[in-house]
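A short write-up of the structure that comes next.
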Amino acid sequence: QVHLVESGGGLVQAGGSLRLSCAASGISVSFNAMGWYRRAPGKQRELVAVFSSGGYTNYADSVKGRFTISRDNAKNTVYLQMNSLTPEDTAVYYCNSKGDNGYWGQGTQVTVSS
């Protein structure tokens with residue numbers, strides 16, 4: 001059974017940083033597409049950053065240069081380093097494997113105050 005457990009969310013001031021973690025079990029982060037999505041209040045869920053199964057990364061235009069997705073294969077964990085946060089980054093962030101029809105974590109709240 002696959003489980004994705006996010007952690008690291010919280011309240012931060014604009015300009016600050018957070019690092020989200022996604023601990024995976026039942027699936028290998030090394031060999032599967034892994035990504036981070038977010039859903040802001042009143043908005044649709046959107047892709048933030050993703051590792052393809054081939055190891056390529058892709059980012060939403062709004063986070064390029066500020067967010068970095070990485071993974072630790074030994075810990076079977078995916079990270080999202082978020083720098084220069086703005087109030088527009090406020091959302092629930094979800095870890096995902098294998099896209100829309102794949103597996104989802106429970107989400108972690110990120111709130112950026114102005």
Practice prompt. Starting from segment 9-29, take each residue that is under 19 Å from Leu85 (Cα atoms) and at pLDDT 95 or above and list its partners that are charged (D, E, K, R) and open to solvent by less than 50 Å² (accessible area, probe 1.4 Å), counting only C-beta distances under 8 angstrom and pairs at least six apart or across chains.
Written response: Leu20/Glu6; Ser21/Glu6
Worksheet item: From the set of residues in segment 61-114 that are touching a residue at least 60 places away in the same chain (Cβ under 8 Å), in contact with a Phe, Trp or Tyr (Cβ under 8 Å, 6 or more places away or on another chain) and of a type in the set (A, V, I, L, M, F, W, C), which is most open to solvent (accessible area, probe 1.4 Å)?
Response: Trp104
Worksheet, complete the sentence: Residue hits (segment 30-42; modelled with pLDDT of 95 or more and open to solvent by 70 Å² or more (accessible area, probe 1.4 Å)) are Arg39
Response to the item:
With criteria (1) within 19 Å of Asp61 (Cα to Cα); (2) assigned to a strand (DSSP E or B); (3) open to solvent by 40 Å² or more (accessible area, probe 1.4 Å), Gly15 comes up short on (2)
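The values are calculated or read from the model by the stated rules, or taken from the named source; none is laboratory data. All values derive from a computational prediction rather than experimental measurement. As a convention, Cβ positions derive from the backbone with ideal geometry for all residues, glycine included, and neighbour counts pool all protein chains shown. Just the protein is used for accessible areas: all its heavy atoms, side chains included, with ligands, DNA and RNA removed. Shrake-Rupley method; radii C 1.70, N 1.55, O 1.52, S 1.80 Å.
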